[in-house]
Structure formats: structure tokens, C-alpha cells
Amino acid sequence: MLNTEPEAQVMADQTWKRLADFVFELGMLRRTPRTGYQFLGSGAENVAEHSFRTAMIGYILARKAGADVARTVFLCLFHDVHEARIGDFNYVNRIYNTSNAVLAFTHALEGTGLRVEVLGLWHELEAGETLESNLAQDADQLDFIANLKEEQDLGNPYAAKWLEHAILRVKTDFARELAQAIRTTDQSDWWFVRPDESWWRKGNGKPRP
């Protein structure tokens, strides 16, 4: 039976309000830039873009590794949510600045009913003691590695140097295999190289005579 007491209704309304707040907070990730590219000199992305491809890479790695796919993807999705409040600190920033990710998560999730679960995921990711957390950490790096390969292919000479160091951060064999494939694949191959090369000679979808 549904609880129709006024207090229960007020509590339910407050929960939905806090969830709406959290939805808007997630939108801030679209406007939160990843700051390392300032030092690279080219390339740009926001935290939401980074989190999306990280989650997709996590899905790929978890399937290859026989890990819990859903848990790996959840770890990826939530790994940078706190940056809506604290921003993205690149490796230079971290020399001089500190942040409190747990406090940011606590404030973001209070009253939503999600705090315990999401903080549990974040602590698991940070501890790096499960296969899923290692795969999620690798997915985070592989998204960066793919971005660096794109910038290298587009002519940034510093991207190759960064790429060498980024690959060393990868932990699992599955991620190393994918990192090597990314490193040796031209970033345009997915659309430019086709089994039937005649598509490139077509104009407006019609074969030229």
C-alpha cells in the first residue's frame, strides 16, 4: 500500500527535486573543459565527452576480460562527476592544488538516495583492487591515448611524446592490446578506408561517368 502521509509525500517531492538538481549538475560537465590540452597546444574536450567514450571503452574492455560489464561502465560513468564542482586538475595543476572529491560527491548527492552507492563506486575505483576498477582506470587512460593519437595524426609533434608516457599508465593486458591497436591505427581509417574504394569517386551519391 502506498504511504499517503503528508510527511512521506514531502520527502518524496524533495527527493525528486534533488534528483532534478543532480541532472542539471551533470549538465555542467558539458561546460567543464579538460585542461591538459592547454599544455599540449591542440585538441579540446569537456568532461562529459571524455566520460562518454571512457564508458564505451570500459564496456569493450569488460567484455574482453569477462568482467562485470555493468559495474565497469558505472565506474566509468561516475569517475569524473565531482569535476562539475571542483573542475579538472591536470598534472601541473595537481602540483599546486588539492581538491576534496568525496566532499563534492557528498554535496552533489545528498538527498538523492544515490550517495551511498555512488560513493561506493568511486572508492572502489580509487582503490584499484578489483578487475572492474582496473579496467575503468584503463578506459580513462585509453580515451586520452586515443585523443593523443588523433592529435599526432593531425600534426602535433608533442602528442607522440605524451603518448609514450600515457601508454605506460595502462595496467591490464586487455587495455595494452587496445592501446597498441589505437597507436598503430590512423584516426581516419574508420571512415576513410572502405572495402569498396569507389565510394570516394562518387559525386552527390551518384557514380561519375
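Somewhere in the stretch 107-122, is a residue among the β-branched types (Val, Ile, Thr), in a helix (DSSP H, G or I) and free of Cβ contacts under 8 Å to residues at least 12 places away in the same chain? Yes: the stretch 107-122 contains one or more residues that are among the β-branched types (Val, Ile, Thr), in a helix (DSSP H, G or I) and free of Cβ contacts under 8 Å to residues at least 12 places away in the same chain. Applying the condition of being among the hydrophobic types (A, V, I, L, M, F, W, C) and more than 18 Å from Ala139 (Cβ to Cβ) to the stretch 163-209 and asking which residue is modelled with the lowest pLDDT yields Trp200.
Considering (1) under 30 Å from Pro157 (Cα atoms); (2) in a helix (DSSP H, G or I), the lone condition that Asp80 does not fulfil carries the number (2). Out of Ala55, Ala62, Ala44, Ala20, which single residue is surrounded by fewer than 17 Cβ atoms within 10 Å (Cβ to Cβ), modelled with pLDDT of 95 or more, closer than 28 Å to Leu148 by Cα and not aromatic (Phe, Trp, Tyr)? Ala44 is the lone residue from the list that is surrounded by fewer than 17 Cβ atoms within 10 Å (Cβ to Cβ), modelled with pLDDT of 95 or more, closer than 28 Å to Leu148 by Cα and not aromatic (Phe, Trp, Tyr).
For the stretch 150-161, state whether one or more residues are closer than 18 Å to Ser51 by Cβ, touching a residue at least 40 places away in the same chain (Cβ under 8 Å) and crowded, with 20+ Cβ neighbours inside 10 Å.
Step one: of the stretch 150-161, the residues closer than 18 Å to Ser51 by Cβ are 150.
Filter once more, so that each one left must be touching a residue at least 40 places away in the same chain (Cβ under 8 Å): 150.
The next check asks that each one be crowded, with 20+ Cβ neighbours inside 10 Å; those that pass are none.
No, the stretch 150-161 contains no residue that is closer than 18 Å to Ser51 by Cβ, touching a residue at least 40 places away in the same chain (Cβ under 8 Å) and crowded, with 20+ Cβ neighbours inside 10 Å.
Being hydroxyl-bearing (Ser, Thr, Tyr) and under 29 Å from Ala67 (Cα atoms) is a condition met by no residue of the stretch 81-95.
The values are calculated or read from the model by the stated rules, or taken from the named source; none is laboratory data. Just so you know, these numbers come straight off a predicted model, no measurement behind them. Cβ atoms come from the backbone with ideal geometry, glycine included; neighbour counts cover every protein chain shown.
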